[in-house]
1. Among the numbered criteria (1) modelled with pLDDT of 95 or more; (2) buried (at least 22 other Cβ atoms within 10 Å of the Cβ); (3) in contact with a Lys or Arg (Cβ under 6 Å, 6 or more places away or on another chain), which one does residue 179 miss?
2. Take segment 255-296 and flag every residue that is in contact with a strand residue (DSSP E or B) (Cβ under 7 Å, 6 or more places away or on another chain) and closer than 27 Å to residue 25 by Cβ.
3. Do the conditions hold for residue 88, that is, is it touching an Asp or Glu at 6+ places or on another chain (Cβ under 8 Å), surrounded by fewer than 23 Cβ atoms within 10 Å (Cβ to Cβ) and closer than 22 Å to residue 266 by Cα?
4. Could you say which residue among 209, 173 is within 28 Å of residue 36 (Cα to Cα) and in a strand (DSSP E or B)?
5. With without any contact (Cβ under 8 Å) to a residue 24 or more places away in the chain and touching a Lys or Arg at 6+ places or on another chain (Cβ under 9 Å) as the only criterion, which of 21, 81, 25, 52 stands out?
6. I'm trying to understand the selection: among the residues of segment 1-23, which are part of a loop (DSSP other than H, G, I, E, B) and either out of contact with any strand residue (DSSP E or B) (no Cβ under 7 Å at 6 or more places or on another chain) or over 11 Å from residue 46 (Cβ atoms) (or both)?
7. Which residue pairs have Cβ atoms under 8 Å apart, sit 6 or more places apart or on different chains, and have a first residue in segment 34-49 that is free of Cβ contacts under 8 Å to residues at least 40 places away in the same chain and under 13 Å from residue 232 (Cβ atoms) and a second that is among the polar types (S, T, N, Q) and part of a helix (DSSP H, G or I)?
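The values are calculated or read from the model by the stated rules, or taken from the named source; none is laboratory data. Predicted model, so just to flag it, every value in this text is computed and none were measured. Every residue, glycine among them, receives a Cβ derived from its backbone with ideal geometry; neighbour counts consider all protein chains shown.
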Amino acid sequence: MNGEYMVIQEVSPRDGLQIEPVWLPTDDKVALIDALSGAGFSRIEAGSFVSPEAVPALRDGEDVFARMRRRPGVIYVALVPNLKGAQRAMKAGADELNLVMSVSQSHNRANMRMDCEQSLAAFADIARHAGSRVRLNGSVATAFGCPFEGPIHEDRVVALVDRYLAMGITGITLADTTGMAQPRQVARLVRRVRARLPASALTLHFHNTRGLGLVNVLAGYEAGAQRFDAALGGLGGCPFAPGASGNICTEDLVNMCAEMGIATGIDLPRLIALSRGLPALLGHDVPGQVAKSGRNCDLHAMPEEWTRQAA
């Protein structure tokens, strides 16, 4: 190893499951979170405390947090839209609250049912209520482009980051909500935001809608970001944006890091086994690649007759 390290936050229990058409029972959600906790993740977005009518797939947030086995050293994150959601999440014992709004007015109205200023007012209420009792992370959705408004000027993103920080929100996520980012854009914006906060406080959230997810991760990492969201199997997507597809795939990202000598602390074989169980659990295939192909080193163990056939 060369001393490089990447923190990967697993978001499949929340972002990954939010658009699944079939209800995943609470016991299965809890089993998934517990398995992820045991695979070496230090951060897991475990659930959401939004309106059950808005996101019915995650209506069991309290039960999930009550039943999961908390592992020492793991931060369990909850997404919240407003003060009521924050109060529910804090009562359930969330370690960190993720507050999400879009820098795009159009997408925020579709996603959060509020104007941007209304979302910011709600976040200010949450920050006052939370005080120092729980970590706060502010996510800037559509930071790299909006499916309704098109390109987003970087100054708008930086201005929203500044407003979050002024409220006392100490963590920032830049989210490529519908996979519109490209590597040079990512590097520019990361450098600007990193001038305002340490790498430990910045998360990048990419989708692989147009096949650039892992390339954008590498661009962000080389520009100074160290923490990235990803979802087991490449699950997920925004339910309020046309053409949205899944998050970058966790096992694909961990595999890339392993091949490049970037440590993650995550057990890749265990992760691959979990991903291979998703189709049976959800009733459909998932887009991740490494779980289907295996790691490079797995090919070395192929029987001789397989390698002859492949040749």
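1. Answer for residue 179: the failing condition is (1).
2. 266, 287, 288
3. For residue 88, the condition - touching an Asp or Glu at 6+ places or on another chain (Cβ under 8 Å), surrounded by fewer than 23 Cβ atoms within 10 Å (Cβ to Cβ) and closer than 22 Å to residue 266 by Cα - is not met.
4. None of the others qualify; the one that does is 173.
5. Going through 21, 81, 25, 52 in turn, just one is without any contact (Cβ under 8 Å) to a residue 24 or more places away in the chain and touching a Lys or Arg at 6+ places or on another chain (Cβ under 9 Å): 52.
6. Within segment 1-23, 1, 2, 3, 4, 6, 17, 18, 19, 20, 21, 22, 23 meet the criteria.
7. Cβ pairs passing all conditions: 44/37.
Every residue, every condition in (1) surrounded by 17 or more Cβ atoms within 10 Å (Cβ to Cβ); (2) in contact with a Gly (Cβ under 8 Å, 6 or more places away or on another chain); (3) acidic (Asp, Glu); (4) modelled with pLDDT of 95 or more, yes or no:
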{"site": "38", "(1), (2), (3), (4)": "no, no, no, yes"}
{"site": "44", "(1), (2), (3), (4)": "yes, no, no, yes"}
{"site": "47", "(1), (2), (3), (4)": "yes, yes, no, yes"}
{"site": "55", "(1), (2), (3), (4)": "yes, no, no, no"}
{"site": "61", "(1), (2), (3), (4)": "yes, yes, no, yes"}
{"site": "79", "(1), (2), (3), (4)": "yes, yes, no, yes"}
{"site": "107", "(1), (2), (3), (4)": "yes, no, no, no"}
{"site": "112", "(1), (2), (3), (4)": "yes, no, no, no"}
